[in-house]
Amino acid sequence: MGAVVAQGITKAFGRGEARTAVLRGADFRAEEGELTFLVGPSGCGKTTLISILAAMLRPDEGRARVFGTDLSGLSGRRLTAFRGGTVGFIFQQFNLLPALDAADNAAVPLIVRGERPARARRRAVEMLDRLGLAGSAAKRPAQMSGGQQQRVAIARALIHEPRLVVCDEPTASLDAATGRTVMGFLRDLVREPGRAAIVVTHDERTFPFADRIAFMADGVVTHTALPPFEEKHP
Amino acid sequence: MPRRPRAGQGRACRRGAPVLGVGLKMLFGDPVKLLGLVAGIAFSTLLMTQQGGFFVGLISRSAAVIGEAGGVDVWVMDPLTETVESPSPLRETDVLRVRGVPGVAAAEPFLLGTGSLLTAKGETTAVAMIGVDDGSFLGLTPRFVAGSPDDLRRPDAVALDQLAFANLWPGEPIEPGRLVEINGRRAVIAALTDVTPGFGAPATAYGRRSEVAALLGTPQPTSFVLVRAAAGEDPAALASRIEARTGLRALTAEGFTDATIGFILTSTGIAFSFGVVIALGAVVGILVAGLTFSLFVNENLRQFAVLKAVGLSNGRLALMVLAQALTVAAIGYSIGLWLASAFFDAVDQPLSDLKGFFLPWQVAALVAGATVVIIALAALSSLWRVLRLDPATVFRG
């Protein structure tokens with residue numbers, strides 16, 4: 001049984017004549033302990049699919065199960081709670097809160113879950129330490145490089161120990177070396193039991209880190225490839 | 001690295017305080033927008049409290065004579081009299097009739113009129129002339145700053161308020177002894193008082209009733225009968241008894257103050273005029289705070305989406321936005337109130353034309369309520385965007 005299983009997912013946006021189908025019966029699978037890439041041209045529905053798998057969006061049709069939980073059966077409040085407890089996010093633009101320093105940014109998921117701020121911050125500093133940002137805990141995002149910001153975002157994604165990590169173009173704003181470091185970190189993460197990660201990317205340099213790659217086109221997953229993958233642009 | 005995976009949904013937690021801390025950090029982390037928000041609320045608060053204080057001060061002046069009259073329990077007047085500064089004259093026999101009412105310890109005539117004061121240098125001013133009973137001085141202000149009530153027993157003597165003195169003789173020592181003309185008759189400023197100016201004239205002069213009647217040239221020297229109640233007598237009950245026995249209108253000092261202010265409020269455009277200015281203050285506050293807060297929320301929508309994405313519910317997000325709004329309101333209100341208080345402290349000086357103007361706590365409380373409404377409207381107008389926000393927005397570039 002896969003960690004993430006989606007079947008027949010459809011999703012359209014807009015109304016009347018402006019209504020556009022983005023997903024047209026997409027099937028998707030990500031296995032526990034694996035780093036699954038989701039690739040395809042812009043507009044093919046990757047972001048919409050991971051939004052549904054990350055419990056942010058409800059499909060029009062189809063079912064999505066994440067670690068055994070049928071997302072379609074959850075109320076809005078339970079979806080929010082599920083997201084907060086089970087899913088970690090890494091975004092292309094980092095999406096750090098500019099007014100908070102690195103430690104507070106990393107601590108946000110814990111604080112949202114009701115952890116005492118001081119304890120949450122202590123855990124965040126430990127996490128940043130593991131990510132090589134020991135001296136940057138008190139820095140604000142504007143005082144950090146892109147690579148440092150992405151590591152803070154990773155700390156935020158992992159601090160509450162989510163089972164599923166969803167990454168949207170995690171290396172797009174990073175240089176090649178930093179991108180490799182980030183991907184290596186993610187691959188190590190999912191090797192721990194009970195975890196999975198889905199990475200949406202256009203960055204073919206990162207393909208060697210994937211355990212499987214799902215290709216999308218026109219709102220469906222057309223096929224899935226297994227290793228070995230070549231680094232197209234070393 | 002994380003030690004072990006956690007199963008299923010995250011633990012339910014209803015504690016919102018830590019999240020409010022994140023919201024406040026977001027607020028204080030953007031000092032420029034915070035300044036704009038606070039300035040809008042502070043300006044609105046200042047405008048509303050200052051105009052509210054002005055309004056109360058001005059209205060209070062309409063009844064200042066009543067407040068200055070010491071030892072008076074009941075004011076008796078002609079039934080046609082509406083305010084203290086526009087009395088219909090009484091007959092001399094009315095004083096005797098009031099004295100005959102049980103429970104009256106003392107009843108004395110009181111004269112109030114308006115004269116024109118002329119200095120030797122040719123300066124003129126309207127002056128409220130108050131004549132108290134020659135023997136008892138009932139109704140005389142106790143607030144003398146130079147000279148004493150006994151000085152009023154001298155020929156042609158009046159006691160002028162020191163603010164009027166300072167305006168008539170700017171820069172000169174404030175002391176008794178100057179000669180003036182009141183309605184073309186000689187008068188001596190024998191003493192100086194610290195009374196609050198009334199509504200109708202910028203100067204106030206006290207004197208013996210016989211002296212003031214002569215200065216005003218009035219044939220009817222009784223405007224009111226001032227009553228001191230017997231020991232243990234309830235002033236309100238005594239007022240009712242006087243009305244029943246004499247057919248005159250009788251009010252306690254508090255009742256007459258309220259009646260005078262009520263008449264001014266309902267019969268003049270003052271309330272409307274100040275009400276418009278105060279309402280404009282509120283509207284400006286709503287617009288400035290609303291637009292700035294809306295801008296603040298708009299520019300932070302992505303951050304709110306991130307918080308939603310990591311599991312923050314709509315309810316706690318709404319609380320966070322409201323906490324941000326209330327924090328802004330508290331800071332802005334405090335600054336505006338402090339500015340207004342400083343203003344009234346500065347102007348409420350013995351020699352200031354705005355003497356007696358102050359900031360009543362009731363005005364401060366009302367403005368606090370208005371400020372909460374203003375910022376709540378501003379927050380609510382922005383909140384719906386936050387609540388409808390799609391957390392998947394965070395995946396869009």
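The values are calculated or read from the model by the stated rules, or taken from the named source; none is laboratory data. Since we're looking at a predicted model, the values are computed, not measured. No Cβ is skipped: glycine too gets one built from the backbone with ideal geometry, and neighbour counts run over all protein chains shown. Note: areas computed on protein heavy atoms with side chains; ligands, DNA, RNA excluded. Shrake-Rupley method; radii C 1.70, N 1.55, O 1.52, S 1.80 Å.
Of all the residues that make up the stretch B:18-56, how many are closer than 30 Å to A:L110 by Cβ and of a type outside the set (A, V, I, L, M)? Lay out the reasoning, then the answer.
At the first step, the residues of the stretch B:18-56 found to be closer than 30 Å to A:L110 by Cβ are B:18-34, B:37.
Narrowing further to those that are of a type outside the set (A, V, I, L, M): B:18, B:21, B:23, B:25, B:28-31, B:33.
The qualifying residues number 9.
Residue count for the stretch B:138-154 under the criterion of being open to solvent by less than 50 Å² (accessible area, probe 1.4 Å) and in a strand (DSSP E or B): the result is 2. A search for C-beta distances below 7 Å between a residue of the stretch A:113-141 that is at the interface with another protein chain (Cβ under 10 Å from one of its Cβ atoms) and any residue that is open to solvent by 80 Å² or more (accessible area, probe 1.4 Å), counting only pairs 6+ apart in sequence or on different chains, returns A:R113/B:R11; A:G114/B:R15. Pairing each residue of the stretch B:376-397 that is closer than 11 Å to B:V321 by Cα with any residue that is open to solvent by 50 Å² or more (accessible area, probe 1.4 Å), provided the two are 6+ apart or on different chains, yields C-beta distances under 6 Å for B:A379/B:L322; B:L387/B:N314. Which pairs do you get when a residue that is facing another protein chain (nearest Cβ under 7 Å), found in the stretch B:17-39, comes within reach of a residue that is β-branched (V, I, T), reach meaning Cβ atoms under 8 angstrom, with the pair 6+ apart or on two chains? Once the first residue is facing another protein chain (nearest Cβ under 7 Å) and sits in the stretch B:17-39, its partners that are β-branched (V, I, T) give B:P18/A:I111; B:V19/A:I111; B:V19/A:V112; B:G21/A:I111; B:V22/A:V108; B:V22/A:I111.
The rows are residues; the columns are (1) over 15 Å from the mean Cα position of the chain (by Cα); (2) open to solvent by 10 Å² or more (accessible area, probe 1.4 Å); (3) not small (G, A, S).
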site: A:V166; (1), (2), (3): no, no, yes
site: A:A177; (1), (2), (3): yes, yes, no
site: A:P193; (1), (2), (3): yes, yes, yes
site: A:G219; (1), (2), (3): yes, no, no
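When B:D353 is tested against (1) in contact (Cβ under 8 Å) with a residue 40 or more places away in the chain; (2) closer than 24 Å to B:V22 by Cα; (3) not β-branched (V, I, T), exactly one condition is not met: (2). Beta carbons closer than 7 Å, at least 6 apart along the sequence or on distinct chains, pair a first residue in the stretch B:289-312 that is more than 9 Å from every other protein chain (Cβ to nearest Cβ) with a second that is in a loop (DSSP other than H, G, I, E, B) for B:L301/B:L389; B:F304/B:L389. Those helices (runs of 4 or more DSSP H) of the stretch B:178-286 in which at least 1 residues are open to solvent by 20 Å² or more (accessible area, probe 1.4 Å) and in contact with a helix residue (DSSP H, G or I) (Cβ under 6 Å, 6 or more places away or on another chain), considering only elements entirely within it, cover B:253-267. Of the residues that sit in the stretch A:93-112 and are part of a loop (DSSP other than H, G, I, E, B) and not polar (S, T, N, Q), which one is nearest to the other protein chains (Cβ to nearest Cβ)? Checked the stretch A:93-112; the qualifying residue nearest to the other protein chains (Cβ to nearest Cβ) is A:A99. The lone criterion from (1) surrounded by 23 or more Cβ atoms within 10 Å (Cβ to Cβ); (2) at pLDDT below 95 left unmet by B:G135 is number (1). Screening A:A99 with (1) open to solvent by less than 10 Å² (accessible area, probe 1.4 Å); (2) closer than 27 Å to B:E299 by Cβ; (3) touching an Asp or Glu at 6+ places or on another chain (Cβ under 7 Å) gives one miss only, at (1).
Report the residue count in the stretch A:115-164 for those that are part of a helix (DSSP H, G or I) and acidic (D, E). Write out each step before concluding.
The initial filter retains those residues of the stretch A:115-164 that are part of a helix (DSSP H, G or I), namely A:117-130, A:134-136, A:141-143, A:146-158.
Checking which are acidic (D, E) leaves us with A:126, A:129.
So the count comes out to 2.
Of the residues making up the stretch B:109-120, just one is over 17 Å from B:P202 (Cβ atoms) and open to solvent by 10 Å² or more (accessible area, probe 1.4 Å), namely B:A120. Among the strands (runs of 3 or more DSSP E) confined to the stretch A:1-92, the ones with at least 2 residues that are over 14 Å from the mean Cα position of the chain (by Cα) and away from chain B (no Cβ under 14 Å) are located at A:4-13, A:20-30, A:61-66.
Screening the stretch A:179-191 for residues that are open to solvent by 10 Å² or more (accessible area, probe 1.4 Å) and touching a residue at least 60 places away in the same chain (Cβ under 8 Å) and picking the one that is nearest to the other protein chains (Cβ to nearest Cβ) gives A:R191.
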